[in-house]
Amino acid sequence: MDDAPPSIHHLETCPSTMDEARARAGAGAPSGSVVWANHQSAGRGRVAHRLWRACRGESLLFTLILRYESAAAFPAALPLRAALALADAIAALFPPLAPAIAVKWPNDLMLNGKKAAGILTESDGTSVFIGMGVNVLQEAPETLDEGGRATSILAELRNAQSPVVPNVEALLEETLPRLKAELSGGAAQADDRDWRPRLESILHMKGREVLFLNGRADGACEVRGALVGVSDEGFLLMRDGATGTQRAFVAGELSLRQA
């Protein structure tokens, strides 16, 4: 990656920090640069039709630019390792929440079984764009999701009877150096696989019977079995309930197995 000094671009509002970061990277923004916004009008997630909704100032919304020599140098399991860095940051800032933190494959951070953050990674061949949307100050985060499956750092601190009021900027400052440390070494980093046991120690639903929709949402097939863990490449590992064999999956959606 290049040695030019990075910069943080703070915007009051923009359609998407991901799109803004791509534009700035195209204009020469160096590795480590960040686009951070108080509000997004068209933030997006991993699934195309799912938009990330957030009221102004309530969420941490940013995209980090990391440059590498080539795609072959990209670190493995980028979304999972980005989620791991965020998990470490939240645990450091808010110790009462540490036992509640989990990472859901492939790109969500959970607090007490509810989604608190989503992570989107994209690339242009030599640069990686890591976008995060973290629910921080929502008073009633369940309103963000029709199934009531969302939460926020503030809501979970209150559930833990903690008087602490989280700060969006402080969370950004805690997260960025952890992200860069987790991902800056690239594929050649000597301890590149150290992330896997750390991730599996907080992997959501590990060891439980799950339902996995393998493939694209519009043509997925169901696989039922036990969630074993993740591979060095970041693939989901499951023990197929029908065959008893361990299988690896690249893309799909996880949920608890229904009787």
| query | Give me the pairs: first residue in segment 10-27 and without any contact (Cβ under 8 Å) to a residue 40 or more places away in the chain, second residue hydrophobic (A, V, I, L, M, F, W, C) and surrounded by 18 or more Cβ atoms within 10 Å (Cβ to Cβ), beta-carbon distance under 8 Å, and six or more apart or on different chains, which are they? | reply | His10/Trp36; His10/Ala37; Leu11/Val35; Leu11/Trp36; Leu11/Ala37; Glu12/Ala37; Cys14/Val35; Cys14/Ala37
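Picking from Leu179, Leu157, Leu183, which residue would you name as being modelled with pLDDT of 75 or more and either assigned by TED's automatic domain parsing to the domain that holds Asp232 or over 16 Å from the mean Cα position of the chain (by Cα) (or both)?
Working: Leu179 fails: either assigned by TED's automatic domain parsing to the domain that holds Asp232 or over 16 Å from the mean Cα position of the chain (by Cα) (or both); Leu183 fails: either assigned by TED's automatic domain parsing to the domain that holds Asp232 or over 16 Å from the mean Cα position of the chain (by Cα) (or both).
The unique qualifying residue is Leu157.
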| message | Whether any residue in segment 191-209 is modelled with pLDDT under 95 and among the β-branched types (Val, Ile, Thr) is what I want to check. | response | no
| Can you name every residue in segment 134-149 that is surrounded by 15 or more Cβ atoms within 10 Å (Cβ to Cβ) and either closer than 20 Å to Ala91 by Cβ or not hydrophobic (A, V, I, L, M, F, W, C) (or both)? | Val134, Asn135, Val136, Leu137, Gln138, Pro141, Glu142
| Lone unmet requirement of (1) more than 26 Å from Ala71 (Cβ to Cβ); (2) at pLDDT 95 or above; (3) crowded, with 24+ Cβ neighbours inside 10 Å for Gly131 | (1)
| query | Quick one: which of Gly131, Gly118 is in contact with a helix residue (DSSP H, G or I) (Cβ under 6 Å, 6 or more places away or on another chain) and among the small types (Gly, Ala, Ser)? | reply | Gly131
| query | Among the residues of segment 146-171, which ones are over 25 Å from Arg81 (Cα atoms) and assigned to a loop (DSSP other than H, G, I, E, B)? | reply | Glu146, Gly147, Gly148, Ala160, Gln161, Ser162, Pro163, Val164, Val165
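If I filter segment 99-121 down to residues being among the polar types (S, T, N, Q) and over 8 Å from the mean Cα position of the chain (by Cα), which single residue comes out as surrounded by the most Cβ atoms within 10 Å (Cβ to Cβ)?
At the first step, the residues of segment 99-121 found to be among the polar types (S, T, N, Q) are 107, 112, 121.
After this cut, where a residue has to be over 8 Å from the mean Cα position of the chain (by Cα) as well, the list is 112, 121.
Values: Asn112: 15, Thr121: 24.
Result: Thr121.
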| note | Residue hits (segment 99-123; closer than 19 Å to Trp195 by Cα, of a type in the set (S, T, N, Q) and assigned to a strand (DSSP E or B)) are Thr121
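Please find, among Pro96, Pro79, Pro75, the residue that is surrounded by fewer than 23 Cβ atoms within 10 Å (Cβ to Cβ), in the same structural domain as Pro30 (by TED's automatic domain parsing), part of a loop (DSSP other than H, G, I, E, B) and of a type outside the set (A, V, I, L, M). Full working, then the answer.
On the way: Pro96 fails: part of a loop (DSSP other than H, G, I, E, B); Pro79 fails: part of a loop (DSSP other than H, G, I, E, B).
From the options Pro96, Pro79, Pro75, the qualifying one is Pro75.
Anything in segment 229-250 that is assigned to a loop (DSSP other than H, G, I, E, B) and aromatic (Phe, Trp, Tyr)? List them, or say none. Even if it seems obvious, please write down each step before you answer.
So in segment 229-250, the residues assigned to a loop (DSSP other than H, G, I, E, B) come out as 231-235, 241-245, 250.
The one that is assigned to a loop (DSSP other than H, G, I, E, B) and aromatic (Phe, Trp, Tyr): Phe235.
Hey, among Ala23, Ala42, which residue is more than 30 Å from Pro197 (Cβ to Cβ) and modelled with pLDDT of 95 or more? Show your work before the answer.
Numbers: Ala42 fails: modelled with pLDDT of 95 or more.
Being more than 30 Å from Pro197 (Cβ to Cβ) and modelled with pLDDT of 95 or more holds for just one of Ala23, Ala42, which is Ala23.
The values are calculated or read from the model by the stated rules, or taken from the named source; none is laboratory data. Source: prediction; values computed, not measured. Glycine also receives a Cβ, built like all others from the backbone with ideal geometry; neighbour counts cover every protein chain displayed.
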